[in-house]
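Below is one structure, written out as structure tokens, with a few remarks after it.
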Amino acid sequence: MGDETNGTERAQHDVPGPDLWTSTGAPLVLHVIPTPLARGGQREARALADALDRPGVRTHRVLCIFDGPDEVRTDLSLHIADGDQPGVGFNIRAVPALRSALKRLNPVAVVAHGGEPLKYLVPAMIGHPRPLAYYAIGTYGAAADHRLQVQIWRTLLRRVDAVAAEGTEVEDELVDLLGVPSTKVTMTPNGRDPDVFQRRSDGREDDRCVVTYVGALTEGKRPLHFVKAITGLRARGVDCRAILIGDGPLRDQVEGPAKAADIELLGSRSDVAELLGRSDVMVFPSRPQGEGMPGVLIEGGLCGLPIVATDVEGVRTVIDDGVTGYIVGVDDLDAMIDALTRLVEDDDLRHTMGEAARTRCQQEFSIEAVAALWLEMLTPLLPPGLGTPTG
């Protein structure tokens, strides 16, 4: 774990001065993520920072607080070790390290990508005011039932100058539950790069339909529900290749049933785009707890995959039920198996829905479309001219 002094000294050593960020001395907008794990929020932060840069001028940069597998490209890290679940809870060592980094970099604005960076940025910025934007990724789930937690988030959000809400459910909760003025909130959907997420004809092992799950192995994401759905397909004699991508606390519980259902467990992977591009159908079996606008649905859609998803927050924003996939009841396993059966056995239906999903996600959830909304939100916080797109 190390002590506070070592964490701070290492951060100071690794954080360059502003002159090393750009060759033009352009002001710095700092995007802060908790870890470099290849999760939706972290990947989107990287893509947004790249999309928001002006041609020839590197202005937007990604800073990572905690150590982890280098799955997402970051521009610097504070290199704070934080055990098996970095960013969970509150690691006091992150505050002085982050304060030191902000002092050296002197960004003109800071963006907290998710609640984990926000809870460190607010105390780290005390006495050193600068514009702070917050990307609200997902609803607050069970925390909304606890008065103390709600009050903590209300206090943190009073320091924020602008909020990007990942979906309409998130936007409503920010205003109604957490007291954020509606004038501060912009609905900015998840965005992904269509050139990264697309169909791939290379690397397929056989001609069977590939059904894929991507997500953390947690109670909320319900990987065991995916296993049950594949088990149901096998019981009907429906032949497919099944892949489960992700890791987490339920791995030991999932491993046995998954192997019994002939599901390939790939663990946490940094090549999710390639794996999805070689898949044919996606399954999203989440519970209605803490979702905002699941980015993995956009990733699957851009890869031309029809998706069978449970009816939780954000799903209907991405999936056009019956056109780009199927939305089923949260606990309706039979409906999920029925939908998967239709898609696996009907090539034409699968291809038609997949093409519709790619078109819909390109039009509404490309990183370019989302970056335009971010520019509109950030421009009032930035020096004149910095928020103006030039390419």
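So here's what we get for this one:
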quantity	calculated
Hey, THR341 within 19 Å of the chain's Cα centre (by Cα) and of a type in the set (Ser, Thr, Tyr) or not	no
Given (1) touching an Asp or Glu at 6+ places or on another chain (Cβ under 7 Å); (2) surrounded by 15 or more Cβ atoms within 10 Å (Cβ to Cβ); (3) modelled with pLDDT of 95 or more, number of the condition GLY354 does not satisfy	(1)
Members of the range 36-71 found to be β-branched (Val, Ile, Thr) and either touching a residue at least 60 places away in the same chain (Cβ under 8 Å) or assigned to a helix (DSSP H, G or I) (or both), listed by number	THR59
Hey, ALA242 crowded, with 24+ Cβ neighbours inside 10 Å, modelled with pLDDT of 95 or more and not assigned by TED's automatic domain parsing to the domain that holds VAL150 or not	yes
Failed item in (1) modelled with pLDDT of 90 or more; (2) out of contact with any Asp or Glu (no Cβ under 8 Å at 6 or more places or on another chain); (3) outside any loop (DSSP other than H, G, I, E, B), with THR5 passing the rest	(1)
Members of the range 320-351 found to be touching a strand residue (DSSP E or B) at 6+ places or on another chain (Cβ under 6 Å), touching a residue at least 40 places away in the same chain (Cβ under 8 Å) and either surrounded by fewer than 21 Cβ atoms within 10 Å (Cβ to Cβ) or within 19 Å of GLY167 (Cα to Cα) (or both), listed by number	VAL330
Test set (1) more than 20 Å from ASP338 (Cβ to Cβ); (2) touching a residue at least 40 places away in the same chain (Cβ under 8 Å); (3) of a type in the set (D, E, K, R) - ASP271 fails condition number	(2)
Options THR168, THR212, THR188; residue that is crowded, with 19+ Cβ neighbours inside 10 Å, touching a residue at least 60 places away in the same chain (Cβ under 8 Å) and over 25 Å from ARG278 (Cα atoms)	THR188
Positions within the range 145-174 being within 22 Å of the chain's Cα centre (by Cα) and assigned to a helix (DSSP H, G or I), in sequence order	TRP153, LEU156, LEU157, THR168, GLU169, VAL170, GLU171, ASP172, GLU173, LEU174
Positions within the range 291-310 being out of contact with any Asp or Glu (no Cβ under 8 Å at 6 or more places or on another chain) and either of a type in the set (Lys, Arg) or part of a loop (DSSP other than H, G, I, E, B) (or both), in sequence order	PRO294, CYS303, PRO306
Residue in the range 284-303 that is touching a Pro at 6+ places or on another chain (Cβ under 6 Å) and under 25 Å from ARG39 (Cα atoms) present	yes
Residue match in the range 315-324 (condition: outside the structural domain of THR183 (by TED's automatic domain parsing), out of contact with any helix residue (DSSP H, G or I) (no Cβ under 8 Å at 6 or more places or on another chain) and basic (Lys, Arg))	yes
Yes/no for PRO117 being touching a residue at least 40 places away in the same chain (Cβ under 8 Å) and either out of contact with any His (no Cβ under 8 Å at 6 or more places or on another chain) or not in a strand (DSSP E or B) (or both)	yes
Of the criteria (1) of a type in the set (D, E, K, R); (2) in a helix (DSSP H, G or I); (3) farther than 22 Å from GLY277 by Cα, which one GLU313 fails	(2)
Within the range 232-268, considering residues that are of a type in the set (A, V, I, L, M, F, W, C) and in contact (Cβ under 8 Å) with a residue 60 or more places away in the chain, the one nearest to PRO194 (Cα to Cα)	CYS240
Checklist (1) part of a helix (DSSP H, G or I); (2) buried (at least 18 other Cβ atoms within 10 Å of the Cβ); (3) at pLDDT 95 or above applied to PRO123, failing item	(2)
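The values are calculated or read from the model by the stated rules, or taken from the named source; none is laboratory data. If you're wondering where the values come from, they're calculated on a predicted model, not measured in any experiment. We place every Cβ from the backbone using ideal geometry, glycine too, and count neighbours over all the protein chains shown.
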